[in-house]
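The values are calculated or read from the model by the stated rules, or taken from the named source; none is laboratory data. It should be emphasised that the depicted structure is a prediction, and the values quoted were computed from it without experimental measurement. When we count neighbours, we look across all protein chains shown, and the Cβ atoms used for this are built from the backbone with ideal geometry, even at glycine.
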């Protein structure tokens, strides 16, 4: 996944000619089957986030949505216990048709001619001597807007280049080097790559002139200087005494995608908050408030080993010689998954990579408002996530904006 947000919130766009492009619709309506995918997404996002905190001691970023799509596709090609294990552990309905209908509705919901574009980038690579079944490839293309193909893993350098080039092409070179030749073995069965690409602009743009170096408490004690952006305006805000956290919703233009910042009330409160990720990554009861927002610029890039996370969540069969992926290729026991890699990247700063804003009029003096603004100063470690219609597109944390 890659997205690039600036003070003008301008993010590079993937052309998505073969992977598919799914901008957001302002008039999309949801029917009940979409609820299954959405609620499963929230539970999976919390699971994924909690597992990531066990393995990571620094900033991180991930896309629950892109991973969910890829794994939903995988279960469509799985049989018997392999499929059931994926469905139960990933909070999917226990029926492939219902899953596929939910995915279709979700992807249809992400369609519109302007404002945003969200492009899942998912592909399954199977060893060259076990041909991908044509019906599965058609399913991947048509219903999941993904792909599946064969590659010769014995040619490690070439195979890695094929996979990395495909991801790079579909993200305008914003995501590169997902797979290294050293990660591949001659007898690899299948490798899965995942990502998400997003383009959007802030609804309330930041002013470049207001950005300045200020303090950030990277661990609650140590202070570092980082560029801080500033804007004032009405935002959706809430404060949770239970979670000891303040939340702020930052909408993108069009109002259907938002970034939610979860800021602990204490400078060293992030660890306690992350233990309650399931309560954080859900719908909050926001109230519109006048806010003075101070947000650090930051840039994250992360390659996540989803296999490790899935195994920690109890998914074992998929990676064993007991796997039944006969809907994808071969017979039961002939194919298992070796690697599931997701590369994610985000940049939040003054520069938009495609159409940076030249407007610097977004700061409004407090005297124009009848109420005193609340300060929302993001000067210590925080969680954030980006969602649309309660679907978690990506989530992460910032411990030190400089890294």
Notebook entry, point to check: Among the numbered criteria (1) buried (at least 17 other Cβ atoms within 10 Å of the Cβ); (2) over 30 Å from residue 264 (Cβ atoms); (3) touching a helix residue (DSSP H, G or I) at 6+ places or on another chain (Cβ under 6 Å), which single criterion is violated by residue 181?
Noted result: (1)
Next item on the list: Considering (1) within 12 Å of residue 379 (Cβ to Cβ); (2) at pLDDT below 90; (3) crowded, with 21+ Cβ neighbours inside 10 Å, say which one residue 220 fails and leave the rest.
Entry: (3)
Item checked: Selected residue (only one of 320, 387 is over 21 Å from residue 69 (Cβ atoms) and either at pLDDT below 95 or out of contact with any strand residue (DSSP E or B) (no Cβ under 9 Å at 6 or more places or on another chain) (or both)) -> 320
Next item on the list: For the stretch 142-151, state whether one or more residues are surrounded by fewer than 22 Cβ atoms within 10 Å (Cβ to Cβ), at pLDDT below 95 and either under 21 Å from residue 65 (Cβ atoms) or in the same structural domain as residue 99 (by TED's automatic domain parsing) (or both).
Entry: yes
Next item on the list: Answer yes or no: is there a residue in the stretch 285-300 that is under 22 Å from the mean Cα position of the chain (by Cα), closer than 30 Å to residue 339 by Cβ, in a loop (DSSP other than H, G, I, E, B) and at pLDDT below 95.
Entry: no
Next item on the list: Tally the residues that are assigned to a loop (DSSP other than H, G, I, E, B) and either closer than 16 Å to residue 327 by Cα or more than 19 Å from the chain's Cα centre (by Cα) (or both), restricting the search to the stretch 83-105.
Entry: 3
Item checked: Scope the stretch 229-245; condition touching a residue at least 40 places away in the same chain (Cβ under 8 Å) and either touching a helix residue (DSSP H, G or I) at 6+ places or on another chain (Cβ under 9 Å) or surrounded by fewer than 21 Cβ atoms within 10 Å (Cβ to Cβ) (or both); matching residues -> 229, 230, 231, 232, 233, 234, 236, 237, 238, 240
Notebook entry, point to check: From the residues in the stretch 247-257 that are at pLDDT 90 or above and surrounded by 20 or more Cβ atoms within 10 Å (Cβ to Cβ), which one is farthest from residue 271 (Cα to Cα)?
Noted result: 250
Check: Within the stretch 145-174, which residues are touching a residue at least 12 places away in the same chain (Cβ under 8 Å), assigned to a loop (DSSP other than H, G, I, E, B) and out of contact with any strand residue (DSSP E or B) (no Cβ under 7 Å at 6 or more places or on another chain)?
Finding: 152, 154, 172
Margin query: residue 118 - would you say it is surrounded by 23 or more Cβ atoms within 10 Å (Cβ to Cβ), out of contact with any helix residue (DSSP H, G or I) (no Cβ under 6 Å at 6 or more places or on another chain), outside any loop (DSSP other than H, G, I, E, B) and modelled with pLDDT under 90?
Written below: yes
Margin query: With surrounded by fewer than 21 Cβ atoms within 10 Å (Cβ to Cβ) and at pLDDT 90 or above as the only criterion, which of 58, 76, 25, 63 stands out?
Written below: 58
Check: Can you find a residue in the stretch 183-198 that is more than 30 Å from residue 254 (Cβ to Cβ), touching a residue at least 60 places away in the same chain (Cβ under 8 Å), in a helix (DSSP H, G or I) and within 21 Å of the chain's Cα centre (by Cα)?
Finding: no
